[in-house]
């Protein structure tokens, strides 16, 4: 199986599980289930849940029920996209190549659909097939990575408040470690926790996760400058328009690309103690840096 | 100790614990912690957490760490108020007698502050002092009571979609069992679960919770008609203005009051198997029906 095949199969596993976990469109109240599913099944790459699957595979291949743990990450990610796109925040009309949730369902329903996906993530984790102690560790991990102190929401606030400010390396680092980095790192850790990783393994995955998280954001910033909206499936060039603090704005395009490559090296280095069981994690890291959308 | 004294003391316990659980205003990013605390410490009555404390007392007086479990309910309740007040939803300027969160901090920060309080509720539960099995049951309870299927968000959607429709007893029942009822019922159940209630005790509390939940909403609807905005600390008369489906709209004011009294009787009946240890639960039920704000 090559990496593309692997990724396609894992995305299918995740899509099937998401479909099972989220109430059907005809379950009342129908509108909100339609809105949740509209954004959830918009063809995302499922990078966070796939990272969780790949990390669990590296610890213990074939963990029954790991898909649900992985899906919690996509539920959180999708809620954050819906709320981020709202007129009061990024005011974006296009996401994953389609009109954003509030454009289709209205702002009220988009706010509630985001709230519902966030709530569903924890409901899913409470129902995992693993032991209670593992569930609690995973719930602590996800809530902290999504929260205000060093987590996703904190990063969004720093990002909002940074708009229009002088580009600043320290603020940039703080924004991105939190805004995208925390959830990507949590994806790897949650997969590993579910599979029963040792403390040493978990430390290695945390390092790997932090480096690919940073690489992911650098590449995202570069693509926002270099790619078209069509290629990205979302509005390109928005960072500059909104005077966001980005890696290209602080370091320039070329230096940003060098930094992304360095983060990839560090991520691969963190996996040095693993053998073939970490093949997919290595492949995903490389793909994150080399992607074009 | 009389009921008023009891309620004051429990509210103080809750306020102290909330202060401990939520990052201080000067923790970065400061703005969101300020926004969260602005809405959290606006002088709410803490009815949900106090119900959890009173239920835990009825099972096992003096449960160490129960305050944190109780606070999770106030975190969820406050997030729902912040999002409900947004221009896209109820568009309200006044809450608990003060300008609403988005009026003070802007819409973007109000959306994120709501998200952050919702996330914090589950972070708090993952850190409870009880056993992992109890934590998981409480997390399942809270997420389900806050969700789309029979939970708070589902009730809000039914409510939004009911605006302007012909008043209808069945829809009214569905809205309120979910919108306010589910979280009030969960408050009692979470307190009882934390204290290690038996199945039989839990069933009695669930009944009690469902009846006071309905009573609470009937009285809320009546007060919206009869009271001034000053007395309520929020905009009065909004239900009629927004053509909401309410108890007075469906049954008339007098019949609504009779129904509230009947729900109180049923709630007290559900506690028939308890002795003095349920005194506070009985007092709170009576207060819910007799309150004037």
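Observations on the model:
- The single residue among A:261, A:203, A:210 that is more than 25 Å from residue A:11 (Cα to Cα), modelled with pLDDT of 95 or more, surrounded by fewer than 22 Cβ atoms within 10 Å (Cβ to Cβ) and touching a helix residue (DSSP H, G or I) at 6+ places or on another chain (Cβ under 7 Å) turns out to be A:261.
- For region B:267-286, the set of residues classified as buried (at least 17 other Cβ atoms within 10 Å of the Cβ) and in a helix (DSSP H, G or I) consists of B:267, B:268, B:270, B:278, B:279, B:280, B:281, B:282, B:284, B:285, listed by residue number.
- Options B:178, B:129, B:120; residue that is modelled with pLDDT of 95 or more and either within 16 Å of residue B:84 (Cα to Cα) or more than 8 Å from every other protein chain (Cβ to nearest Cβ) (or both): B:129
- Residue in region B:62-86 that is surrounded by the most Cβ atoms within 10 Å (Cβ to Cβ), counting only those that are touching a helix residue (DSSP H, G or I) at 6+ places or on another chain (Cβ under 7 Å) and outside any helix (DSSP H, G or I): B:85
- Residue B:106 vs. criteria without any contact (Cβ under 8 Å) to a residue 60 or more places away in the chain, touching a helix residue (DSSP H, G or I) at 6+ places or on another chain (Cβ under 6 Å), at the interface with chain A (Cβ under 9 Å from one of its Cβ atoms) and surrounded by fewer than 22 Cβ atoms within 10 Å (Cβ to Cβ): no
- Filter pass, residue B:44 being more than 9 Å from chain A (Cβ to nearest Cβ) and on the phi > 0 side of the Ramachandran plot: no
The values are calculated or read from the model by the stated rules, or taken from the named source; none is laboratory data. This structure is a prediction, so every number in the text was calculated from the model and none was measured. FYI the Cβ positions are ideal-geometry reconstructions off the backbone, even for glycines, and counts take in every protein chain you see.
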